[in-house]
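Down below is the structure, laid out as structure tokens.
No lab work stands behind these numbers, since they all come straight from the coordinates. Just so we're clear, the structure is a prediction, and the values are computed from it rather than from any experiment. Cβ atoms come from the backbone with ideal geometry, glycine included; neighbour counts cover every protein chain shown.
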Amino acid sequence: MARNLVWFTIVVTAALLQATWPDRLKLQQVLPDLCLILVVYFAISEGEERAMFTGVVGGIYQDVASNAVLGHHVLCLVCVGYAAGRIATRLVTEHPAVKAGLVFAAGLAHGILFQSILYIQNPDNGFIYPVATLAAPAAFYTALVTPLMFFLVNWIMRRPILMPKGA
């Protein structure tokens, strides 16, 4: 129970940081996707189920905080969480480069899936240009932030949770 509360707090905090401090996190008009990093972290450490739940919680908050139709971020993050969880079981994920590479691939998949949905809804916006100018740089920036986020989340999740006496 306490572990789930810590998980929920981490996901909501990351979503809040991403939604409320975008100017501080931006680099060349590109934001790192902190919720995506958490989806991949939990896909590696706890499997696709936890990753998909992380995608639901983070995606709902991203959908509410942005101008996107409710459900777009949720769908994309859940699909990416499932795929990352399945792929992570077949990789040796101890090396930071493998983790960053998985986050980069997940970021590209998320961006392509999200832009596909937007393109289906409004073909006038195009598909290739937003993927090349938004999704790919965001995936790269997200992969660069990965080691720091993985370290912080790992430190928080591995700390012993204080339990009341008699529990």
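Starting from the coordinates of the alpha-carbon atoms of the chain, obtain the Kirkwood hydrodynamic radius over all distinct pairs and give the value in Å to one decimal.
Final number for the Kirkwood radius of the chain is 16.2 Å.
Between Arg90 and Asn154, what length comes free when the chain is fully extended (0.36 nm per residue of separation minus the Cα-Cα distance, one decimal in nm)?
Extra length from Arg90 to Asn154 when fully extended: 21.0 nm.
Based on the inverse mean of 1/r over its pairs of different Cα atoms, what is the Kirkwood hydrodynamic radius of region 26-109, in Å?
Kirkwood hydrodynamic radius for region 26-109: 12.7 Å.
Expressed as an acute angle from 0 to 90° and rounded to the nearest 10, what is the orientation of the C-alpha long axis of helix 136-158 relative to the principal long axis of the chain?
10 degrees
Using just the Cα positions, wrap region 71-143 in a convex hull and report its mean projected area in square nanometres, one decimal place.
Orientation-averaged projected area of the Cα hull: 4.9 nm².
Give or take rounding to whole Å, what are the principal axis extents of the alpha carbon atoms in region 32-73, in descending order?
31, 20, 11
So, with +1 on the Cβ of K and R and -1 on the Cβ of D and E, and no other charges, what is the size of the charge dipole of region 35-118 about its Cα centre, to the nearest 20 debye?
Magnitude of the dipole: close to 140 debye.
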